[in-house]
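Note sheet for the following structure.
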Amino acid sequence: MFRPFVDDLLACLRFYSRLPVPAPRGHEMPDFRTAVRALPVAGALIGLAPAWALLSARAFGLPPFLAATLALAALVAVTGALHEDGLADLADGFGGGATREEKLEIMRDSRLGSYGALALTLSLALRIGAVMAITQRGGFEAAAVLIFAAALSRTAGLAPIMILAPARADGAGHAAMRPFKEALQTAALLASAFSILPIAVGVSPITALVAGALAVGAAYATAKLAERQIGGLTGDVLGGAQQAAEIAALLVFAAQ
């Protein structure tokens, strides 16, 4: 079983990041039915980039705001703004379209509109502000939270796959198959296990639990909004759900 899990991990890293990892057995796209079990580990590895950037910035004496900004810049660089792009398209479609068909058409457009720009600005501002607040309490706490939030939000962001049918007959939402129950259970357990990182540096276990619950709730709310707006799932919905989950989790830790 070890080799297949490694295959799933490599597939998730290739799909969710721009890290130079080899394609497992020649497959470019992960089989979401099983690969999601490795998603929390892939998310945590992705979270190492912003954590390292933040700690390095603090080591050079940069203030919390600049350290937090550099951390988010590192995260965006590693992921290629995958989820941010989905959030922007989602906001443009939901905000600019009058009908379901118009919303879906706008979401296909690669150009950034005013709603998408506002959504990106708010997402970055909320996350930078939250990470800055945590960094003021301690750099290692902020680094641990960034790693946990990266694992948690990508796992919670699977909520739309679990409750929505594809909104189109093509695209990433149609290609993403519903995960097997066992794979999802493994993902949930692994994501929960990464909460040990912030807890180990002094964060309350209750705070970590609330962060997990609100992250799932935010992703679920995004899915229900998509259901009302376009009647189903697209890749952009998945991106928006991850962003909502990450913001929710970071705000909880910032408010501790």
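Overview of values
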item: Options LEU104, LEU72, LEU120, LEU54: the member that is assigned to a helix (DSSP H, G or I), touching a Pro at 6+ places or on another chain (Cβ under 7 Å), on the phi < 0 side of the Ramachandran plot and not charged (D, E, K, R); result: LEU72
item: Members of region 47-91 that are within 15 Å of the chain's Cα centre (by Cα) and open to solvent by 60 Å² or more (accessible area, probe 1.4 Å); result: LEU48, ALA77, LEU82, ASP85
item: Flag if THR222 is among the hydroxyl-bearing types (Ser, Thr, Tyr), in contact (Cβ under 8 Å) with a residue 60 or more places away in the chain and open to solvent by less than 50 Å² (accessible area, probe 1.4 Å); result: yes
item: Within region 92-129, tally of residues that are more than 15 Å from GLN229 (Cβ to Cβ), in contact (Cβ under 8 Å) with a residue 60 or more places away in the chain and open to solvent by 50 Å² or more (accessible area, probe 1.4 Å); result: 1
item: Enumeration of residues in region 76-94 that are farther than 19 Å from LEU158 by Cβ and touching a Gly at 6+ places or on another chain (Cβ under 8 Å); result: ALA88, ALA91, ASP92
item: Boolean, THR207 is part of a helix (DSSP H, G or I), farther than 25 Å from SER17 by Cα, open to solvent by less than 50 Å² (accessible area, probe 1.4 Å) and among the hydroxyl-bearing types (Ser, Thr, Tyr); result: yes
item: So ALA221, is it in contact with a Gly (Cβ under 6 Å, 6 or more places away or on another chain) and small (Gly, Ala, Ser); result: no
item: Output for region 219-247, where each listed residue is more than 22 Å from SER17 (Cβ to Cβ) and of a type in the set (Gly, Ala, Ser); result: ALA221, ALA223, ALA226, GLY231, GLY232
item: Cβ-Cβ under 8 Å pairs, at least 6 apart or on other chains, region 198-217 side under 13 Å from ALA144 (Cα atoms), far side open to solvent by 70 Å² or more (accessible area, probe 1.4 Å) and hydrophobic (A, V, I, L, M, F, W, C); result: VAL201/PHE140
item: Scan of region 160-204 for residues that are at pLDDT 90 or above and open to solvent by less than 20 Å² (accessible area, probe 1.4 Å), ordered by number; result: PRO160, ILE161, LEU164, ALA183, ALA187, ALA191, PRO198, VAL203
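The values are calculated or read from the model by the stated rules, or taken from the named source; none is laboratory data. Computed from a predicted structure; not experimentally measured. Backbone-built Cβ (ideal geometry, glycine too); neighbour counts: all protein chains shown. What goes into the accessible areas is simple: the full protein's heavy atoms, side chains included, and nothing from ligands, DNA or RNA. Shrake-Rupley method; radii C 1.70, N 1.55, O 1.52, S 1.80 Å.
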